[in-house]
Amino acid sequence: MTNDILLRVQGLTTRFFTDEGVSRAVEDVSLDIPRGRTAALVGESGCGKTVTALSVLRLVPDPPGRIVAGAVRMGQGDLLLLPEADMRQVRGNRISMIFQEPMTSLNPVFTVGDQIAEAVSLHKKVGRAAALRETAAMLRKVGIPDPQSRLREYPHQMSGGMRQRVMIAMSLVCGPELLIADEPTTALDVTIQAQILDLLRELQADIGMSILLITHDLGVVAEIAHHVSVMYAGRIVEEADIQELFDSPLHPYTVGLFRSRPTLERRGALAAIPGTVPSPLAIPPGCPFHPRCPLADGKRCAAERPPLEVKRPGHTAACWYADRAADMRTRGEDLYK
Amino acid sequence: MTAPDAPDSAPRAAPPPAGAPSAPAAAPPADLLLDVRDLRTHFPVRRGILGRTVGYVRAVDGISLRLRRGRTLGLVGESGCGKTTAGRTILRLIPATAGAVRFEGRDVFALPPADLRRLRRHMQIIFQDPYGSLNPRMTVGGIIGEPLKVHRLARGRDLEDRVARLLEHVGLSPAYRNRYPHEFSGGQRQRIGIARALALEPKFIVCDEPISALDVSIQAQILNLLDRLQDELGLAYLFIAHDLAVVSHISDDVAVMYLGRIVEQAPADRLYAGPLHPYTKCLMSAIPRSRPDRPRDRIVPRGEVPSALNPPPGCPFHPRCPWAFDRCPAEVPLLLPMPSASDHLVSCHLCH
């Protein structure tokens, strides 16, 4: 593993064994997270992006969930093989996570200061006074004014934006190498979202942690990601550096995601991807996107699953007709008409 | 008008002086459908065991809007700005505190119940949450057909035919009529909600964040559906949303709300090309970039939205405004047309 890769996910497969059948949430996902950079995992609800993150932290509820294959390499070892006691040291110290809804991730009956200080004293084995000092310093760092008095407040006394800042402070206080941010701004208003994205970018420049950003929003990706993987029905269907992906998306699903997004610059009819996201209990055979795809041929696409292959330098896609999608774009033709 | 909690004794945040042009002062266009004048909705805040009223949340604090037939007016703002309350007050689902709503020239707040019910045929609403807004115990056919039964417009065979046509109209198979809401995805449920709203052949629909609970690839489907239905049926929409990109995509005109008031209103193209109110500029610059190589020239408002229970004096945006000056906390700015464009209204001391 090269030195600039912090964490490498290889062939990760996570399934849920439910009464209705086997839910193939994550199938053969591989992903590199570079040091000090932001890798984004983009997809719609149910595509497996959150389960991928929970699998990295080994937080998938078991039963019904189980990681059935793969490896998560960080440094020398495979996180999936660590004893649970060692894994507990990884969570928080080396990898931490923030969630979409900060209210449900904070304990309502403890003050913000106590909650963060608890994390500090657990992981760093320091006393309460020292832990509170570090907590106040961290709150200041995430842009919370007057941290000394904020320490004594309860989560409900804070706004959504402030709570997300508290969550970020809590997740960074032990100096993790990787921050997993699962839809960190989805529940926030757009002006507050802009503040939080600016904060994450500043903290990364300052502290140098890697970020695994999980989101459905290509706009948020454009704001802070360096590298993007697009997920559909449990698999990565395309990945590239941010500029390359926005310049030349190759997978028809990615193209559709771009074209279905209203932007201020582009008016007129939107391209809608027909149909709906398949259930992980019943993923279509062949290419999982073929029932919704404008390029599907009705034969090969429905029968054979396309492998994730390099189509351009540093750019992979899982599509039998990725070249045609690229040709159409260079000719200025619209895939979704 | 019935407004049991009219805060007559409550101090008003300096209402505009009588006769102030707080709305387009031009003569009403011939195809004017909806005319909202200085609408206010204040909610009493009660404290203690006696439930004494200790103040008012000024959710909607004097807004004026006009909507022409077959057009879309976008109402955009962040959570708590009063946009949802405004939509519901216009439909008389929430009692207004003051102001007037005229629909086809008739005063909605003054109508007796029987007339109101007849009028409601023409004014419908689509809700944000396609999970909470459909009765889980009713079949899809029952949900869509209920308004027709309530208004005694169809029964028996005719009712079934109309439900089938409505389902087809919104892109669902008529075979779905015997299924229950839980069998459908979010996007399909939103289509069911739209079919229900269309059942009475309305002229006006309040669309309250109709796509924000949906997946990205489904949002475009619903926006395109609303667009097509408008063309086919001549519907007028009040499109309420927090996303300026979505609103300016679907709307002819856009009104930007902040703390219960409209701070800027203009045709969508003009607003996008040249926003004038500092809050609109902030909202627009906060939209994530559409491409990673676009410059990030962001105007971030300071702090957070103040409470509508205790709005700041003067311009409600002044504590967060990067350009605030001494006049802003002292004087409430009026929503006035720009000298250069009579259809571009701005409420800001910098502009007037």
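The values are calculated or read from the model by the stated rules, or taken from the named source; none is laboratory data. Just so it is clear, the structure is predicted and the values come from calculations on it, not from any experiment. Note that each Cβ is placed from the backbone with ideal geometry, even for glycine, and that neighbours are counted across all protein chains shown.
Could you go through the range B:267-277 and let me know if any residue there is away from chain A (no Cβ under 14 Å) and out of contact with any Phe, Trp or Tyr (no Cβ under 6 Å at 6 or more places or on another chain). Yes; the residues of the range B:267-277 include at least one that is away from chain A (no Cβ under 14 Å) and out of contact with any Phe, Trp or Tyr (no Cβ under 6 Å at 6 or more places or on another chain). The numbered conditions (1) in contact (Cβ under 8 Å) with a residue 12 or more places away in the chain; (2) assigned to a loop (DSSP other than H, G, I, E, B) are all true for A:Val126 except (1).
Conditions tested, residue by residue: (1) without any contact (Cβ under 8 Å) to a residue 24 or more places away in the chain; (2) more than 13 Å from every other protein chain (Cβ to nearest Cβ); (3) crowded, with 20+ Cβ neighbours inside 10 Å.
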| site | (1), (2), (3) |
| --- | --- |
| B:Pro147 | no, yes, no |
| B:Arg191 | no, no, yes |
| B:Ile194 | no, yes, yes |
| B:Leu200 | no, yes, no |
| B:Cys207 | no, yes, yes |
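Out of all the residues in the range B:149-157, is one or more in contact with an Asp or Glu (Cβ under 7 Å, 6 or more places away or on another chain) and either more than 14 Å from chain A (Cβ to nearest Cβ) or of a type in the set (D, E, K, R) (or both)? Give the derivation first.
Restricting attention to the range B:149-157, the residues satisfying the condition of being in contact with an Asp or Glu (Cβ under 7 Å, 6 or more places away or on another chain) are none.
Checking the range B:149-157: not a single residue is in contact with an Asp or Glu (Cβ under 7 Å, 6 or more places away or on another chain) and either more than 14 Å from chain A (Cβ to nearest Cβ) or of a type in the set (D, E, K, R) (or both).
For the range B:215-225, the criterion of being among the β-branched types (Val, Ile, Thr) and in contact (Cβ under 8 Å) with a residue 60 or more places away in the chain is satisfied by no residue at all.
For A:Gly234, indicate whether it is closer than 27 Å to B:Ile211 by Cβ, in contact with a Lys or Arg (Cβ under 7 Å, 6 or more places away or on another chain), within 10 Å of another protein chain (Cβ to nearest Cβ) and of a type in the set (Gly, Ala, Ser).
For A:Gly234, the condition - closer than 27 Å to B:Ile211 by Cβ, in contact with a Lys or Arg (Cβ under 7 Å, 6 or more places away or on another chain), within 10 Å of another protein chain (Cβ to nearest Cβ) and of a type in the set (Gly, Ala, Ser) - is not met.
When we screen B:Pro295, B:Pro333, B:Pro301 for residues that are crowded, with 20+ Cβ neighbours inside 10 Å and closer than 29 Å to A:Ile242 by Cβ, the only hit is B:Pro301. Taking the listed residues A:Val51, A:Val109, A:Val9, the one that is in a loop (DSSP other than H, G, I, E, B) and either over 30 Å from A:Arg201 (Cβ atoms) or more than 14 Å from chain B (Cβ to nearest Cβ) (or both) is A:Val109, with no other qualifying. Total residues in the range A:257-314 satisfying the condition of being within 14 Å of chain B (Cβ to nearest Cβ), in contact with a strand residue (DSSP E or B) (Cβ under 9 Å, 6 or more places away or on another chain) and under 21 Å from A:Asp334 (Cα atoms): the figure is 2. Here B:Ser217 clears all of (1) farther than 30 Å from A:Val190 by Cα; (2) crowded, with 17+ Cβ neighbours inside 10 Å except the condition numbered (1).
Just to be sure before I move on: is A:Leu218 within 14 Å of chain B (Cβ to nearest Cβ) and more than 16 Å from B:Val300 (Cβ to Cβ) in the structure I sent? Lay out the reasoning, then the answer.
Numbers: within 14 Å of chain B (Cβ to nearest Cβ): yes; more than 16 Å from B:Val300 (Cβ to Cβ): yes.
Here the answer is yes, as A:Leu218 does meet what is asked.
Of the strands (runs of 3 or more DSSP E) that lie entirely inside the range B:233-352, those containing 2 or more residues that are of a type in the set (Val, Ile, Thr) span B:253-258, B:261-267. Determine if the range A:206-213 includes at least one residue that is within 11 Å of chain B (Cβ to nearest Cβ) and not polar (S, T, N, Q). Taking every residue of the range A:206-213 in turn, none turns out to be within 11 Å of chain B (Cβ to nearest Cβ) and not polar (S, T, N, Q).
Residue under question is B:Cys321, and the condition is that it be free of Cβ contacts under 8 Å to residues at least 60 places away in the same chain and over 26 Å from B:Leu238 (Cα atoms); does it hold? Criteria met by B:Cys321. Looking at the range A:174-181, is at least one residue of a type in the set (A, V, I, L, M), at pLDDT below 90 and surrounded by fewer than 22 Cβ atoms within 10 Å (Cβ to Cβ)? No: the range A:174-181 contains no residue that is of a type in the set (A, V, I, L, M), at pLDDT below 90 and surrounded by fewer than 22 Cβ atoms within 10 Å (Cβ to Cβ). Just one of the numbered conditions (1) surrounded by fewer than 17 Cβ atoms within 10 Å (Cβ to Cβ); (2) closer than 30 Å to A:Ala205 by Cα is not true of A:Thr316: (1).
Can you find a residue that is in contact with a Ser or Thr (Cβ under 7 Å, 6 or more places away or on another chain) and either modelled with pLDDT of 90 or more or surrounded by 14 or more Cβ atoms within 10 Å (Cβ to Cβ) (or both) anywhere in the range A:296-306? No, the range A:296-306 contains no residue that is in contact with a Ser or Thr (Cβ under 7 Å, 6 or more places away or on another chain) and either modelled with pLDDT of 90 or more or surrounded by 14 or more Cβ atoms within 10 Å (Cβ to Cβ) (or both). Screening A:Ala131, A:Ala222, A:Ala187 for residues that are in contact (Cβ under 8 Å) with a residue 24 or more places away in the chain, surrounded by 22 or more Cβ atoms within 10 Å (Cβ to Cβ) and small (Gly, Ala, Ser) leaves exactly one candidate, A:Ala222.
Restricting A:Thr111, A:Thr191, A:Thr185, A:Thr135 to those that are among the hydroxyl-bearing types (Ser, Thr, Tyr) and within 19 Å of the chain's Cα centre (by Cα) reduces the list to A:Thr185.
In this structure, B:Arg152 does not satisfy being surrounded by 15 or more Cβ atoms within 10 Å (Cβ to Cβ) and not aliphatic (A, V, I, L, M).
Scanning the range A:184-203 for residues that are out of contact with any helix residue (DSSP H, G or I) (no Cβ under 8 Å at 6 or more places or on another chain) and more than 9 Å from chain B (Cβ to nearest Cβ), we see that the one that is nearest to A:Pro34 (Cα to Cα) is A:Glu202. Note on the range B:83-120: residues that are in contact with a strand residue (DSSP E or B) (Cβ under 6 Å, 6 or more places away or on another chain), assigned to a loop (DSSP other than H, G, I, E, B) and farther than 13 Å from B:Phe43 by Cβ amount to 1.
Can you find a residue in the range B:247-265 that is more than 30 Å from B:Gly105 (Cβ to Cβ), crowded, with 22+ Cβ neighbours inside 10 Å and within 10 Å of chain A (Cβ to nearest Cβ)? Checked the range B:247-265: at least one residue is more than 30 Å from B:Gly105 (Cβ to Cβ), crowded, with 22+ Cβ neighbours inside 10 Å and within 10 Å of chain A (Cβ to nearest Cβ).
Quick check on the range B:179-199. Is at least one of its residues closer than 23 Å to B:Ala96 by Cβ and either outside any strand (DSSP E or B) or in contact with an Asp or Glu (Cβ under 6 Å, 6 or more places away or on another chain) (or both)? Can you show your working first?
So the first thing to find is which residues in the range B:179-199 are closer than 23 Å to B:Ala96 by Cβ, and the list is B:197.
Filter again for either outside any strand (DSSP E or B) or in contact with an Asp or Glu (Cβ under 6 Å, 6 or more places away or on another chain) (or both), leaving B:197.
The answer is yes; a qualifying residue exists.
Going through (1) of a type outside the set (Ser, Thr, Tyr); (2) in contact (Cβ under 8 Å) with a residue 40 or more places away in the chain; (3) closer than 22 Å to A:Ile224 by Cβ one by one, A:Phe17 falls short only on (3).
Counting the residues of the range A:177-203 that are part of a loop (DSSP other than H, G, I, E, B), under 24 Å from B:Tyr279 (Cα atoms) and of a type in the set (Asp, Glu) gives 1.
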